Amino acid sequence: MRSPVPTYDLYGESRAGRPDFWLHCETIASRSSTHHWEIGLHRHESFQQFLYIRNGSGDAILSGTTVALTPPCVVAVPPGVSHGFRFSRDIDGLVITLVAERLRLTAGLAKRPGDWLSYPRMIPIPAGDDVGYLDQTFSRLFAEFEARRVGRNDLIEALLTASILILARAVQPDAAGGAGDAKLARVEALKELIGLHFREQLAAEAYAKLLNLSPTHLNRVVREVTGMSIHDLIMARVMDERGGHWFSRRRACRRWPTGWALPTPPTLPARSANGPARRRANTGKRSGKDWRRSRPDRTGSRLEQFGDNSCAAVFGSFFRHMRFPTLPKPLA
């Protein structure tokens, strides 16, 4: 009877509940050397792994298939896939382990069976400018992870995203001109249209008409590529925009103007036909309540600067029992 494939967060370490990191980076030799340069079959429940191999040799066992490692290359392993490795003693490279749902490009792979990241594979890096750029990018990512400086998470995320997009171009020739390429192009065109027209609150049918596709077909293509519906893409763009505006409004509210003054209070209608304002207008005399309002020790001076028909007069009973510092006069 075959033993089950063990599940780890990091190989050889016991799982202690929820991991306390979203990304981990280390050299391949640092862990494989302690296991005689062999990493047994295992899998990660919620982690995506990338192995960047600069020099050396070895084999990768991906879902039961053995693949020879030909540096420079990158091995991509999605969550839930059993994998193992055998490395030579001169292996030189990095292994990056991240929470798949934390990064936009690796989130929701289970809902995107057509995505190249949904399957384990070894990606040879073709000769050219990309070799040097990827080597520098992965090296900088490892340096940022080790240094633990301010802002490193945002920088690491940007470096990793750039690396994955360049690797996608290396994989793309395998499907050049195929259905996957056409579907990806349609989704990119849809995202551009959403960015241009989302303020007009267009329905999914309107975007499908702009792309000369039926709503059902476009929604199926979007789900296959992104794992989301057209409506989900629209709402994600709207929420991004609203989030930025909300932040701007909060920043604006925190700025206290240097020339602050109370706004002109609104004029409210008289509360009754026999109120103090009506009696004063008819007789020219003040009532006892009016005199109490005008006493300086009863905050009358502050009420008079607003007028009897102001909000302060309406809530006069409250102000008469409270003491407040003298409010600044409105600016001229």
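The values are calculated or read from the model by the stated rules, or taken from the named source; none is laboratory data. Because the structure is a prediction, the values reported are computed rather than measured. Please note: Cβ atoms are built from the backbone with ideal geometry, for glycine as well, and neighbour counts cover all protein chains shown.
Structure data summary
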item	result
Some residue of the range 42-57 being assigned by TED's automatic domain parsing to the domain that holds Glu157, at pLDDT 90 or above, of a type in the set (A, V, I, L, M, F, W, C) and outside any strand (DSSP E or B)	no
Unique match (being touching a helix residue (DSSP H, G or I) at 6+ places or on another chain (Cβ under 8 Å) and either assigned to a strand (DSSP E or B) or buried (at least 20 other Cβ atoms within 10 Å of the Cβ) (or both)) among Ile61, Ile39	Ile39
Criterion (farther than 30 Å from Val187 by Cβ and of a type in the set (A, V, I, L, M, F, W, C)) met by exactly one of Val75, Val99, Val95	Val95
Members of the range 68-83 that are under 21 Å from Glu101 (Cβ atoms) and in a loop (DSSP other than H, G, I, E, B)	Pro78, Pro79, Gly80, Val81, Ser82
